[in-house]
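Participant: Here it is, the structure, as structure tokens.
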Amino acid sequence: MIIKDEFLSRLRKIFDLNLYEVKVWTALLSRGTSTAGELSNISDVPRSRTYDILESLEKKGFIVMKLGKPIKFVALKPEEVVERVKKNLMKCAQERSKRLETLKGDEVLEELNNLFTKGIKFVEPSDLSGSLRGRQNLYNHLDMMVRDAEKTITIITTAEGINRKLEALMPSLEKCKKRGVKIRIAAPIDSNNIKVARELKKVAEVKNFDKIKARFVLIDSTQLMFMLLDDEKFHPNYDIGIWVNTEFFAQALEQLFELAWKEMKSVR
């Protein structure tokens, strides 16, 4: 893989990455999904440093670690990477956020898209899976999934989780509603979140679901994100989610949910 030094230099300045990080990231973009060893060979980054670099890129929201052995890493769409970095940087550096705004319509983003488009052709849909750590990363990815929805969004969450969904996902849910996407939300409804549930009714069907404690999101009966931990017992930084793109499993889970949905009571 040959990428001009000038292009790598621009990426370093725009995304505040070091040279090894931009080399590994662009190498992964060109493949779609790859192992650390393969990326070391492609990017000419020492193998002893590649795992550290990939861990850093994952924490910054540039890539997703794929489940299984050998461990693989999945490239995200450049537009999504831009949005993630924007959200993280806006909390501590307004100046860096302004840099990312300049990417819209820039030739840099177009070239990154070319890398991703070529790389994604070699990726099987079942390979588009991974684990995400930290609640902020989870909601960044959920927001991406919601924004990409075309037909249906199904959200099952906890009593406290429905409050977070309003804050984190409402703008994207409103846009989906306008596009005609069918949105359903199920959660335990009580006096502490009834106002939030009624606010969400503006964009979705909302029902009371208190028989089973669960946290997952289904998009178009194809993509699934489910959380592994009880949000009442663990700190947000330790929250873990699993994202999979599997029509077979997602459709089966959606059918099971349909049976439970009929028994739930609508929020008034």
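Participant: Is there a residue being outside the structural domain of Asp239 (by TED's automatic domain parsing), more than 23 Å from Asn137 (Cα to Cα) and aliphatic (A, V, I, L, M) anywhere in the stretch 58-73?
Facilitator: Checked the stretch 58-73: no residue is outside the structural domain of Asp239 (by TED's automatic domain parsing), more than 23 Å from Asn137 (Cα to Cα) and aliphatic (A, V, I, L, M).
Participant: How many residues are in contact with a Gly (Cβ under 6 Å, 6 or more places away or on another chain) and among the hydroxyl-bearing types (Ser, Thr, Tyr) when one looks only at the stretch 2-61?
Facilitator: Residues flagged as in contact with a Gly (Cβ under 6 Å, 6 or more places away or on another chain) and among the hydroxyl-bearing types (Ser, Thr, Tyr) within the stretch 2-61 amount to 1.
Participant: Right, another one. Just checking, which of Lys178, Lys182, Lys165, Lys151 is free of Cβ contacts under 8 Å to residues at least 12 places away in the same chain and either at negative phi or under 18 Å from the mean Cα position of the chain (by Cα) (or both)?
Facilitator: Details: Lys182 fails: free of Cβ contacts under 8 Å to residues at least 12 places away in the same chain; Lys165 fails: free of Cβ contacts under 8 Å to residues at least 12 places away in the same chain; Lys151 fails: free of Cβ contacts under 8 Å to residues at least 12 places away in the same chain.
Going through Lys178, Lys182, Lys165, Lys151 in turn, the sole match is Lys178.
Participant: Still on this model: Are any of the residues in the stretch 200-222 among the aromatic types (Phe, Trp, Tyr), surrounded by 19 or more Cβ atoms within 10 Å (Cβ to Cβ) and more than 16 Å from the chain's Cα centre (by Cα)?
Facilitator: Initial filter on the stretch 200-222 (among the aromatic types (Phe, Trp, Tyr)): 209, 216.
Keeping just the survivors that are surrounded by 19 or more Cβ atoms within 10 Å (Cβ to Cβ) gives 209.
Within this subset, residues satisfying the condition of being more than 16 Å from the chain's Cα centre (by Cα) are 209.
For the stretch 200-222, residues among the aromatic types (Phe, Trp, Tyr), surrounded by 19 or more Cβ atoms within 10 Å (Cβ to Cβ) and more than 16 Å from the chain's Cα centre (by Cα): present.
Participant: Is there a residue being touching a strand residue (DSSP E or B) at 6+ places or on another chain (Cβ under 8 Å), under 16 Å from Asn163 (Cα atoms) and of a type in the set (Gly, Ala, Ser) anywhere in the stretch 204-225? First the steps, then the outcome.
Facilitator: Restricting attention to the stretch 204-225, the residues satisfying the condition of being touching a strand residue (DSSP E or B) at 6+ places or on another chain (Cβ under 8 Å) are 204-209, 214-225.
In the following step, the residues that additionally are under 16 Å from Asn163 (Cα atoms) were identified as 204-209, 214-217.
Next cut, of a type in the set (Gly, Ala, Ser) only: 204, 214.
Yes; the residues of the stretch 204-225 include at least one that is touching a strand residue (DSSP E or B) at 6+ places or on another chain (Cβ under 8 Å), under 16 Å from Asn163 (Cα atoms) and of a type in the set (Gly, Ala, Ser).
The rows are residues; the columns are (1) assigned to a helix (DSSP H, G or I); (2) exposed (fewer than 15 other Cβ atoms within 10 Å of the Cβ); (3) of a type in the set (Lys, Arg); (4) assigned by TED's automatic domain parsing to the domain that holds Arg215.
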site: Leu169; (1), (2), (3), (4): yes, no, no, yes
site: Ser172; (1), (2), (3), (4): yes, no, no, yes
site: Ile189; (1), (2), (3), (4): no, no, no, yes
site: Asn192; (1), (2), (3), (4): no, yes, no, yes
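Participant: Could you pull out the residue among Glu160, Glu107 that is surrounded by fewer than 21 Cβ atoms within 10 Å (Cβ to Cβ) and at pLDDT below 80?
Facilitator: Values: Glu160 fails: at pLDDT below 80.
Going through Glu160, Glu107 in turn, the sole match is Glu107.
Participant: Among what's in the stretch 208-240 and is touching an Asp or Glu at 6+ places or on another chain (Cβ under 9 Å) and among the charged types (D, E, K, R), pick the residue that is farthest from Met264 (Cα to Cα).
Facilitator: Here the answer is Asp239.
Participant: In addition: How do the pairs read when you match residues in the stretch 224-242 that are part of a loop (DSSP other than H, G, I, E, B) with residues anywhere that are among the hydroxyl-bearing types (Ser, Thr, Tyr), using Cβ under 6 Å and keeping only pairs 6 or more apart or on different chains?
Facilitator: Going by the 6 Å Cβ cut-off, the qualifying pairs are Asp231/Thr158.
Participant: I'd like the full set of residues that are of a type outside the set (Gly, Ala, Ser), assigned to a loop (DSSP other than H, G, I, E, B) and within 15 Å of Pro188 (Cβ to Cβ), limited to the stretch 199-219. It would help to see each step written out before you state the result.
Facilitator: Narrowing the stretch 199-219 to residues of a type outside the set (Gly, Ala, Ser): 199-203, 205-213, 215-219.
Right, trim to assigned to a loop (DSSP other than H, G, I, E, B) and you get 201-203, 209-213, 215.
Across the stretch 199-219, the qualifying residues are Phe209, Asp210, Lys211, Ile212, Lys213, Arg215.
Participant: Only one of these conditions is not met by Lys262: (1) closer than 26 Å to Leu76 by Cα; (2) exposed (fewer than 13 other Cβ atoms within 10 Å of the Cβ). Which number is it?
Facilitator: Of the numbered conditions (1) closer than 26 Å to Leu76 by Cα; (2) exposed (fewer than 13 other Cβ atoms within 10 Å of the Cβ), the odd one out for Lys262 is (1).
Participant: For the subset of the stretch 223-268 comprising residues that are farther than 26 Å from Glu199 by Cα and polar (S, T, N, Q), which member is farthest from the chain's Cα centre (by Cα)?
Facilitator: Within the stretch 223-268, the match that is farthest from the chain's Cα centre (by Cα) is Gln255.
Participant: Just name the residue that is surrounded by the fewest Cβ atoms within 10 Å (Cβ to Cβ) out of those in the stretch 113-134 that are charged (D, E, K, R) and at pLDDT 65 or above.
Facilitator: The extreme case among them is Lys118.
Participant: Can I ask one more? Identify, by number, the condition in (1) outside any strand (DSSP E or B); (2) surrounded by fewer than 17 Cβ atoms within 10 Å (Cβ to Cβ) that Val146 doesn't meet.
Facilitator: (2)
Participant: Quick one: is Ala75 in contact with a strand residue (DSSP E or B) (Cβ under 8 Å, 6 or more places away or on another chain) and closer than 23 Å to Asp148 by Cβ? Break it down into steps so the answer makes sense when it comes.
Facilitator: Details: in contact with a strand residue (DSSP E or B) (Cβ under 8 Å, 6 or more places away or on another chain): yes; closer than 23 Å to Asp148 by Cβ: yes.
Against the criterion (in contact with a strand residue (DSSP E or B) (Cβ under 8 Å, 6 or more places away or on another chain) and closer than 23 Å to Asp148 by Cβ), Ala75 qualifies.
The values are calculated or read from the model by the stated rules, or taken from the named source; none is laboratory data. Since the model is a prediction, treat every value here as computed from it, not as a measurement. Virtual Cβ from ideal backbone geometry, glycine too; neighbours counted across all protein chains shown.
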